[in-house]
1. Restrict the search to the stretch 86-194; then list the trypsin sites (Lys or Arg not before Pro) that DSSP places in a loop and that have at most 14 other Cβ atoms within 10 Å of their Cβ.
2. For the chain, take every pair of Cα atoms, bin their distances at 10 Å starting from 0, and report each bin as a whole percent.
3. Of 201, 158, 181, which is farthest on the positive side of the dipole of the stretch 155-236, counting Cα position, with +1 on Lys and Arg Cβ, -1 on Asp and Glu Cβ, and the Cα centre as origin?
4. Mind putting a number on the dipole of the stretch 1-80 about its Cα centre? Charges go on the C-beta only, +1 for Lys and Arg and -1 for Asp and Glu, and I need it in Debye to the nearest 20.
5. Determine the share of the chain's accessible area contributed by carbon and sulfur atoms, expressed in whole percent, with a 1.4 angstrom probe.
6. Please give me, ordered by residue number, the GluC sites (Glu not before Pro) of the stretch 28-77 that lie in loop per DSSP and have at most 12 other Cβ atoms within 10 Å.
7. At 222 nm, what value in deg cm²/dmol follows for the chain if DSSP H runs of at least 4 each add -39500 (n - 2.57) and the sum is divided by all its residues, to the nearest 500?
8. Using a 7 Å offset from the Cα along the Cα-to-Cβ direction at both residue 129 and residue 217, what is the distance between the two label points in nm, to one decimal?
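The values are calculated or read from the model by the stated rules, or taken from the named source; none is laboratory data. In this text the structure is predicted, and so the values were computed from the model without any measurement. Cβ sites come from the backbone with ideal geometry, for glycine too, and all protein chains shown count toward neighbours. Each accessible area value is taken on the protein alone, full model and side chains, heavy atoms only, with ligands, DNA and RNA left out. Shrake-Rupley method; radii C 1.70, N 1.55, O 1.52, S 1.80 Å.
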Amino acid sequence: KLKVSTSKATTNIPLYVAQENGYYAEEGLEVEFAPWPSGPKVLEFLHLGQVPIGTIASIPFITAVSRGVNVVAVADNGNYGPRSPQQALVVRADSDVRTLKDLEGKIVAVNGFGTHGDIVLRSDVFPKLGLQVGKNVTLVELPWPQMEAALATRSIHVALSYEPFATRAARKPDYRVLSWLEETIPAEGYNTSLVVANRAWVKANEDVMQRFVRAHARAVAFQSRNREEALRLASK
């Protein structure tokens, strides 16, 4: 039995495919998915051994490893490029925020401090606009599924949403995408998500870890060949 801490983001589709197609079961694994509020929180769970495996964005993972957190990456879990961005700044359709320059003085929600999106805003987007968190722009933490409601009630002005939540909001008349932040993505793209495990647990359960990664790799291969079916399985 394995507990895997993950989210319902598109990068995690292979995990749901592996579950629905029986790849885990064929490896003798019974996998339970445990939802997480943010990647940094999963890293905390992993470091303390409260869960053995989780999915984490690459940027907070690298930060955690540099600080000696007891985790190791075991599989690639998603990449994206300028032509396939995965996160977007979303606003109300009637918002006065029309360009990135209009973010000054606004409240922007990210799904967690220290997350991939949070770091992209702080290190790339805001400095180019002359914005400084706590001075002329405010950042708050809010899970992706709650961002639409917060925009609707005007508790926040802008939401940094992730797929599939960004596209779902963009398809509704009450919201629009301000920017997909393509300019923050290198032309060659980059890794955005990893399957990560507690380092001590991996050493003690190498065979189990190998079986999990085999099932994951099968699901990635299935998704690359059967995109629509993979989306159907994930939606289920």
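1. Working: sites: 92, 98, 101, 106, 122, 128, 135, 154, 168, 171, 176; in loops: 98, 106, 135, 154, 171.
In loop regions of the stretch 86-194 (DSSP not H, G, I, E or B), the sparsely surrounded trypsin sites (Lys or Arg not before Pro) are 98, 135, 154, 171.
2. 8, 31, 34, 20, 7, 0
3. Most positive-ward Cα: 201.
4. Details: 5 positive and 7 negative charges, 74 e Å.
My answer is approximately 360 debye.
5. Exposed carbon and sulfur together represent 51 percent of the surface.
6. Numbers: sites: 30, 32, 44; in loops: 30.
Answer in residue order: 30.
7. On the way: 11 runs with 86 residues, N = 236.
After summing the helix terms and dividing by residue count, I get -9500 deg cm²/dmol.
8. 4.3
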